[in-house]
1. Please report, as a whole percent, how much of the solvent-accessible surface of the chain comes from carbon and sulfur atoms (probe radius 1.4 Å).
2. Taking only protein heavy atoms and a 1.4 Å probe, what accessible area per residue, in Å², does segment 1-106 have with all protein chains in place?
3. Once you've got the GNM for the chain with C-alpha springs shorter than 10 Å, pick whichever of Glu71, Glu102, Glu15 has the biggest mean-square fluctuation.
4. At a Förster distance of 35 Å, what's the computed FRET efficiency of Asp30 paired with Glu88, Cβ-Cβ distance as r, to 0.05?
5. How about segment 19-96: which trypsin sites (Lys or Arg not before Pro) there lie in a loop by DSSP and see at most 11 other Cβ atoms within 10 Å?
6. Using only Cα atoms, find the angle between the long axis of helix 13-26 and the longest principal axis of the chain, and express it within 0 to 90 degrees, rounded to the nearest 10.
7. Among Lys7/Lys95; Lys65/Lys124; Lys25/Lys114; Lys7/Lys65, which pairs are too far apart, with a Cα-Cα distance over 30 Å?
8. If I take every Cα pair under 8 Å that is 6 or more residues apart in the chain, average their sequence separation and divide by the length, what percent do I get for the relative contact order?
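The values are calculated or read from the model by the stated rules, or taken from the named source; none is laboratory data. What you are looking at is a predicted structure, and each value in this text was computed from that prediction instead of being measured. When we count neighbours, we look across all protein chains shown, and the Cβ atoms used for this are built from the backbone with ideal geometry, even at glycine. Note: areas computed on protein heavy atoms with side chains; ligands, DNA, RNA excluded. Shrake-Rupley method; radii C 1.70, N 1.55, O 1.52, S 1.80 Å.
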Amino acid sequence: MSEENQKPWPQSARELLETRYQAFKDGNIDFIVETTHPESRNQHERKDIEAWANNSKWLGLEVEKEENEAEHTWITFTVRYQEKDNEEPIEHEEKALFRLHEGKWYYFDSTFPKAKTYQREKPKVGRNDPCPCGSGKKYKKCCAQAA
């Protein structure tokens, strides 16, 4: 690890996840880059990591599931944060792969859940359908103009 941060290297994938989360909170980009697996470091732009870390207010980390193997661990987790220009909290869900490399745990890669499908409560009204308000006009000439 960098000289300014002489803490012992995390001893498990979960400990690494927790220390990386703290590094995002603290803006310690060197630690985030250094704890990314050497084979996947080139997949992450430092400026993008720095922008996300510094433009966010970090609100919490919750681990949902941990799948441990000898040489790798999958951890499913949710991070809550707010972007500095938006008061709405964001929940970032991720399934991260951590791998052992030369006796140390590193973050390797992530997968993200598919977006949830939105289902309407009522059928969609087409532009040329009769307006559901009962006016007798086409929807586009009636209530669609007010929306």
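1. Numbers: 4660 of 10370 Å².
Taking all protein chains in place, the chain shows 45 percent carbon and sulfur surface.
2. Working: 6540 Å² over 106 residues.
I get 62 Å² per residue for this part.
3. Largest GNM mean-square fluctuation: Glu102.
4. Working: r = 30 Å, r/R0 = 0.86.
Approximately 0.70, to the nearest 0.05.
5. Numbers: sites: Arg20, Lys25, Arg41, Arg46, Lys47, Lys57, Lys65, Arg80, Lys84, Lys95; in loops: Lys84.
The qualifying sites are Lys84.
6. The two axes meet at around 70 degrees.
7. Over 30 Å Cα-Cα: Lys65/Lys124.
8. 17
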